[in-house]
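The values are calculated or read from the model by the stated rules, or taken from the named source; none is laboratory data. Bear in mind the structure is a predicted one, so any value in this text is a computation, not a measurement. Glycine gets a Cβ as well: all are built from the backbone with ideal geometry, and neighbour counts include every protein chain shown.
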Amino acid sequence: MGSSGKRDCVDQPAAIVLAGGSARRLGPVRPTGGKAACQVAGETLLGRVAAAVAPVIDEIVVVGGGPLPADLGKGFPSLRQLADSQPGAGPLAAIRDGLANICQSRLTAGQPLPSAVLLAACDLPLLRPSLVRALLDRLLSAADDPAWVIPQIGCQPQYLFSVCRPQLLDPLQVFLATGRRDLRGFAAALVEHDADWVVTIPPTIWLQIDPAGAAGRDIDTPADLAALTGSASRDH
């Protein structure tokens, strides 16, 4: 890596930040811009996630959500936004949209596909660049060349802070064409096809990387948002 932490290879990784969803459970604290516009320590949730990703990954594609604030575009000039092609269809459809856009953009520009694509929900305000780097390294150094690496936090796989290869797009399109859209079902279908395609980082290993469990601190309710007061510091 260079001094900025970004990889110096031509097939630089990309990131998809998922900003759609109705966020109904936020109730009266839900801003007009949706969950991504919620504020933590004076920053929007989307802005905090972008700040964790940008030191490591140049290309950030935000899928869904309200219009991006002008200051976010100025702060992250390589960030772009896509509308959900199927609003309300859930994160798998948004991941499909992001992967298709990234692949098409690279091919149109005559560039190689990215070595890896980070998947991150917009409501993980405690993410840090060090966690993004660690997750990318897990995929890029894996001996079995998996298509998807997913950390397990406690008893739960964290699909919405994971990393995949762009080759995940084809099986994802096939899965969505069946009418299913559940993340767990898609991961199981991949394993059934090829057991080496999905690697889960065991909770004991992930705990060493992320002892505070930052990658699992998502925002669903007003209580979740309130509980982050005093917990919003970031390292590098």
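Given the conditions (1) under 19 Å from G216 (Cβ atoms); (2) in contact with a strand residue (DSSP E or B) (Cβ under 7 Å, 6 or more places away or on another chain); (3) part of a helix (DSSP H, G or I), and given that L168 satisfies all but one, which numbered condition is not satisfied?
The number of the failed condition is (1).
Only one of P125, P129, P166, P157 is in contact (Cβ under 8 Å) with a residue 40 or more places away in the chain and touching a His at 6+ places or on another chain (Cβ under 7 Å); which?
The match here is P129.
Quick one: V163 ticks every box in (1) surrounded by 18 or more Cβ atoms within 10 Å (Cβ to Cβ); (2) part of a helix (DSSP H, G or I) except a single one, so which number is it?
For V163, the exception is condition (2).
Within region 33-40, is even one residue modelled with pLDDT under 90, in contact with a Lys or Arg (Cβ under 8 Å, 6 or more places away or on another chain) and either surrounded by 13 or more Cβ atoms within 10 Å (Cβ to Cβ) or assigned to a helix (DSSP H, G or I) (or both)?
yes
Kindly indicate whether any position in region 214-221 is in contact with a Gly (Cβ under 8 Å, 6 or more places away or on another chain) and of a type in the set (G, A, S).
yes
What's the number of the only condition in (1) farther than 30 Å from G42 by Cβ; (2) without any contact (Cβ under 8 Å) to a residue 24 or more places away in the chain; (3) not in a helix (DSSP H, G or I) that P211 fails to meet?
Against the list (1) farther than 30 Å from G42 by Cβ; (2) without any contact (Cβ under 8 Å) to a residue 24 or more places away in the chain; (3) not in a helix (DSSP H, G or I), P211 comes up short only on (1).
Where residues in region 107-122 are touching a residue at least 40 places away in the same chain (Cβ under 8 Å) and farther than 23 Å from K35 by Cβ, which of them is nearest to the chain's Cα centre (by Cα)?
Residue satisfying both the conditions and the ranking: A116.
Can you name the residue in region 167-182 that is out of contact with any Lys or Arg (no Cβ under 8 Å at 6 or more places or on another chain) and within 15 Å of V117 (Cβ to Cβ) and, of all such residues, is surrounded by the most Cβ atoms within 10 Å (Cβ to Cβ)?
L168
Results for (1) part of a helix (DSSP H, G or I); (2) modelled with pLDDT of 90 or more; (3) surrounded by fewer than 17 Cβ atoms within 10 Å (Cβ to Cβ); (4) not basic (K, R), shown as yes or no for each residue.
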{"residue": "L46", "(1), (2), (3), (4)": "yes, yes, no, yes"}
{"residue": "A50", "(1), (2), (3), (4)": "yes, yes, no, yes"}
{"residue": "P87", "(1), (2), (3), (4)": "no, no, yes, yes"}
{"residue": "L99", "(1), (2), (3), (4)": "yes, yes, no, yes"}
{"residue": "L118", "(1), (2), (3), (4)": "no, yes, no, yes"}
{"residue": "P125", "(1), (2), (3), (4)": "no, yes, no, yes"}
{"residue": "V132", "(1), (2), (3), (4)": "yes, yes, no, yes"}
